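Remarks on the structure that follows.
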Amino acid sequence: MSRVNTVLGPVAAEELGVVAVHEHIGYGMPGSELDSRWWKTPEERYEETVPKLRRFHEHGRPYGGGTFVDATGICNGRDVDYYRSLSTKTGVHIVACTGFVGGDTALPFFSRASVEYLADQFVHEITVGIGGTGARAGVIKVGVSRGGRMTDLDKRIYRAAARAALSTGVPVLTHLAIDAENAIAIFREEALPLDRVLFGHADDGVNAAKTRDTWIAEQGGRVGFDTFGYETELDDPPFWARPRKERLEHFLRFVERHPGSALASADANCSPLGWPGVKGHTVNYIFEDLMPDLRAAGVDEATITRLFVDDPADFLSIHD
Amino acid sequence: MTLSSSADNPHVNTVLGPVPPDELGVVAIHETLLSVVPGAEHAFDLAVDRAQVFESVAAKLRDFREQGGGTVVDSSGMFHGRDVPLYEALSRSTGVHVVASTGMGPEGMLGGYFLTPQTNPPTPWPAERFADLFALELTAGMVVPRVERRGTAGLVATAATRSGMTATDESLFRGAAHAAVSTGTPLSIRYGNDAVSDLEVACTAGLPAGRVVVGGLDRADAVASAAALEVARRGAYVGVDHVGAQDDVHVADAERVALVIQLVEAGFGNRVLLSSSATGVAVGHPGNDVPFAAVLATFVPLLRAHGLGDDDVRQILVDNPAGLLSVRPPDRA
Ligand SMILES: [Zn+2]
């Protein structure tokens, strides 16, 4: 039986439909909650978020569903009760994560913790639940701290994630795929098959040139082209933006050479928590921009279904 | 009482509003009601029962009051478990004045928002931004994160890294001092490895030393270097604030008594502040389970036995903290 942990409980992978594999309901750096410049009322949050999810759900109908994987780490404003209410009201499956976006987003309690404690935290959130919500995490988030190299803390988190992934069967999502040699060495030491890891943000403007995407695929890892929509053509592009055409061509090249190794997403915030966000960029870029671009480039429907439905379903399924 | 009348009169900002300084009574200047290591609120194995927390802290505050205490200052800033609505209810229920603090530190206790912001490069926050963040807590109210602002902080609190002040600690100190100067609020610092030079950093923003308390001067390294005397000479308050502690870092109460007597004999009785750095409830760390009343119950009798009189005791426990905590609007400083 294939199953995936969503915030409303396990569902069969066959129910997921189109999967946006790396997204955020709302993301903020730890501590941003102290700065009231970013605060919004719950009314504003729902107003900004619900229409985007409803639209995502409607776009996904032809594929039978729609699944939003929230990659917001434990200390970045992850709010599982809120996700549950959004999922119930919109019909979008929401998968929450355990883990950290990077060592530099782990607060002091966790940054001092041992690999064993971190693994216990992840396993508990995957098998018992997150806080008092009863919702179980469906993926484990890890990442590389700012600065370009994995820190010791990053490595402890990767190792703990590998152990938790192995014992629970849920996959690992990474923030950044730079310094992948160190990451893969840890996953190998822990005997986690690399197709259980999505090495993310291989396509962003800052890191694409430094990311060994082909090498990662050759080792058996999955590669995330998951910052689609952060384009230099925008009015207010963030520093990780990239020319639209350049990213698309990179993706097409990669998919042709490594079918089955790529997953795509938009890394958008429905309602950002601790930064301004990027105006107009939503998860619906997948349906409204990316899929049309792929079709225009000659990608057939079977490949699109594989990229957005079948491969993510396989990735997200709990592998016992 | 309207805000304008309170601003015109000398007052201390408690979680239940401004209070005349002479109503504070005996003050414990450096304690923590609820002490949570940042992140511990997400720990899978630490369930916090809010009613239980209330009951535990309330019992300690009642004991403090019964032993003659009047005011507890929660000196761990805005990001170590501070819970303003809880503190309000505790103060109402026990009759103990509670002064809460804004501020953060040291660097290792900060969130990534301040250390690796979403900019390229991820430059840590400069002093001016910390100043604005803290000043808002002194003018618009203390944050209940992403929900509301309540009350007014009565103190700015920050700390330097134990092995020595880092560049970000220095930004914190300068920002905290700036917020203190612009609002007339006092500043509480915990030094890193050099109390006197850290005090100098706190005073570079134009904050007079007389508006600063340097905490932890009963640490063994501070006692060895006679830091307390130099801090007092410069006009700052001397925090002898680990009364009752039995650990490797601080001197024992016997030496602590000697330190206080020495300061009084040198003419610095008007600079001494006593406290225990106790934690009402600690989450995610062992805490310091000393009664808030330790100074009154065990330490003051020792001081008296060594010849301190009523006037000295009153000055240290009542007058000194009232002087420090009184808000001095900058235009009347
Ligand atoms: Zn992301």
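Picking from B:Phe130, B:Phe114, which residue would you name as being in contact (Cβ under 8 Å) with a residue 24 or more places away in the chain and at the interface with chain A (Cβ under 9 Å from one of its Cβ atoms)?
So the residue among B:Phe130, B:Phe114 that is in contact (Cβ under 8 Å) with a residue 24 or more places away in the chain and at the interface with chain A (Cβ under 9 Å from one of its Cβ atoms) is B:Phe114.
Considering only residues that are of a type in the set (A, V, I, L, M), within 16 Å of the ligand (Cβ to nearest atom) and in a loop (DSSP other than H, G, I, E, B), which ones fall in the stretch A:1-27?
Matches in the stretch A:1-27: A:Ile25 only.
So which residues in the stretch A:126-171 are without any contact (Cβ under 8 Å) to a residue 60 or more places away in the chain, among the β-branched types (Val, Ile, Thr) and not in a helix (DSSP H, G or I)?
Within the stretch A:126-171, A:Val128, A:Ile130, A:Ile140, A:Val142, A:Val144, A:Thr151 meet the criteria.
Please verify whether A:Ile74 is facing chain B (nearest Cβ under 10 Å) and either closer than 21 Å to B:Phe44 by Cβ or not in a loop (DSSP other than H, G, I, E, B) (or both), treating the condition exactly as stated.
yes
Could you please tell me which pairs satisfy a Cβ distance under 9 Å, a separation of 6+ or placement on different chains, a first residue in the stretch A:78-102 that is away from chain B (no Cβ under 14 Å), and a second residue that is within 13 Å of the ligand (Cβ to nearest atom) and among the aromatic types (Phe, Trp, Tyr)?
Pairs found: A:Tyr83/A:Phe68; A:Leu86/A:Phe68; A:Ser87/A:Phe68; A:Val92/A:Phe68; A:His93/A:Phe68; A:Ile94/A:Phe68; A:Val95/A:Phe68.
Among the numbered criteria (1) farther than 23 Å from A:Glu33 by Cβ; (2) under 18 Å from the mean Cα position of the chain (by Cα), which one does B:Ser197 miss?
Checking B:Ser197 against (1) farther than 23 Å from A:Glu33 by Cβ; (2) under 18 Å from the mean Cα position of the chain (by Cα), the one that fails is (2).
Return the residues of the stretch A:63-101 that are open to solvent by 10 Å² or more (accessible area, probe 1.4 Å), at pLDDT 95 or above and on the phi > 0 side of the Ramachandran plot; say none if nothing qualifies.
A:Gly77, A:Gly91
Name the pairs: first residue in the stretch A:240-256 and within 12 Å of A:Asp203 (Cα to Cα) and within 14 Å of chain B (Cβ to nearest Cβ), second residue open to solvent by 40 Å² or more (accessible area, probe 1.4 Å) and of a type in the set (Asp, Glu), Cβ to Cβ under 9 Å, at least 6 apart or on different chains?
Note: pairs meeting the criteria are A:Ala241/A:Glu233.
Every residue in the stretch A:99-125 that is charged (D, E, K, R) and not in a loop (DSSP other than H, G, I, E, B), please.
Across the stretch A:99-125, the qualifying residues are A:Asp104, A:Glu116, A:Asp120, A:Glu125.
Among the residues of the stretch A:77-94, is any within 16 Å of the ligand (Cβ to nearest atom), in a helix (DSSP H, G or I) and either under 22 Å from A:Phe199 (Cα atoms) or touching a strand residue (DSSP E or B) at 6+ places or on another chain (Cβ under 7 Å) (or both)?
So far as the stretch A:77-94 goes, yes, one or more of its residues are within 16 Å of the ligand (Cβ to nearest atom), in a helix (DSSP H, G or I) and either under 22 Å from A:Phe199 (Cα atoms) or touching a strand residue (DSSP E or B) at 6+ places or on another chain (Cβ under 7 Å) (or both).
Scan the stretch B:77-111 for residues that are within 13 Å of chain A (Cβ to nearest Cβ) and of a type in the set (Asp, Glu) and report the count.
The total comes to 1.
Of all residues in the stretch B:117-127, which are more than 7 Å from every other protein chain (Cβ to nearest Cβ) and open to solvent by less than 30 Å² (accessible area, probe 1.4 Å)?
Selection gives B:Trp125, B:Ala127.
Among the candidates A:Phe122, A:Phe110, which residue alone is in contact with a strand residue (DSSP E or B) (Cβ under 7 Å, 6 or more places away or on another chain) and either among the aliphatic types (A, V, I, L, M) or buried (at least 24 other Cβ atoms within 10 Å of the Cβ) (or both)?
Testing whether each residue is in contact with a strand residue (DSSP E or B) (Cβ under 7 Å, 6 or more places away or on another chain) and either among the aliphatic types (A, V, I, L, M) or buried (at least 24 other Cβ atoms within 10 Å of the Cβ) (or both) leaves just A:Phe122.
Look through the stretch A:165-177, keep the residues that are within 16 Å of the ligand (Cβ to nearest atom) and open to solvent by 10 Å² or more (accessible area, probe 1.4 Å), and return whichever of them is nearest to the chain's Cα centre (by Cα).
A:His175
A:Pro30 - would you say it is within 14 Å of chain B (Cβ to nearest Cβ) and either acidic (Asp, Glu) or within 16 Å of the ligand (Cβ to nearest atom) (or both)?
Considered against the rule, which asks whether it is within 14 Å of chain B (Cβ to nearest Cβ) and either acidic (Asp, Glu) or within 16 Å of the ligand (Cβ to nearest atom) (or both), A:Pro30 comes out as yes.
Among (1) open to solvent by 20 Å² or more (accessible area, probe 1.4 Å); (2) touching a Leu at 6+ places or on another chain (Cβ under 8 Å); (3) not hydroxyl-bearing (Ser, Thr, Tyr), where does A:Glu58 come up short?
(2)
Return yes when A:Ile126 is within 14 Å of chain B (Cβ to nearest Cβ), more than 16 Å from the ligand (Cβ to nearest atom) and farther than 20 Å from A:Glu189 by Cβ and no when it is not.
Yes, satisfied.
Just to be sure I understand the filter: pairs with C-beta atoms under 8 Å, separated by 6 or more residues or on different chains, first member in the stretch B:250-271 and part of a helix (DSSP H, G or I), second member open to solvent by 60 Å² or more (accessible area, probe 1.4 Å) and of a type in the set (Ser, Thr, Tyr). Which pairs pass?
Pairs that qualify, where the first residue is part of a helix (DSSP H, G or I) and the partner is open to solvent by 60 Å² or more (accessible area, probe 1.4 Å) and of a type in the set (Ser, Thr, Tyr), are B:Asp253/B:Thr298.
The values are calculated or read from the model by the stated rules, or taken from the named source; none is laboratory data. All values reported here derive from a predicted model rather than from experimental measurement. Backbone-built Cβ (ideal geometry, glycine too); neighbour counts: all protein chains shown. Side chains included, ligands, DNA and RNA excluded: accessible areas come from the protein's heavy atoms. Shrake-Rupley method; radii C 1.70, N 1.55, O 1.52, S 1.80 Å.
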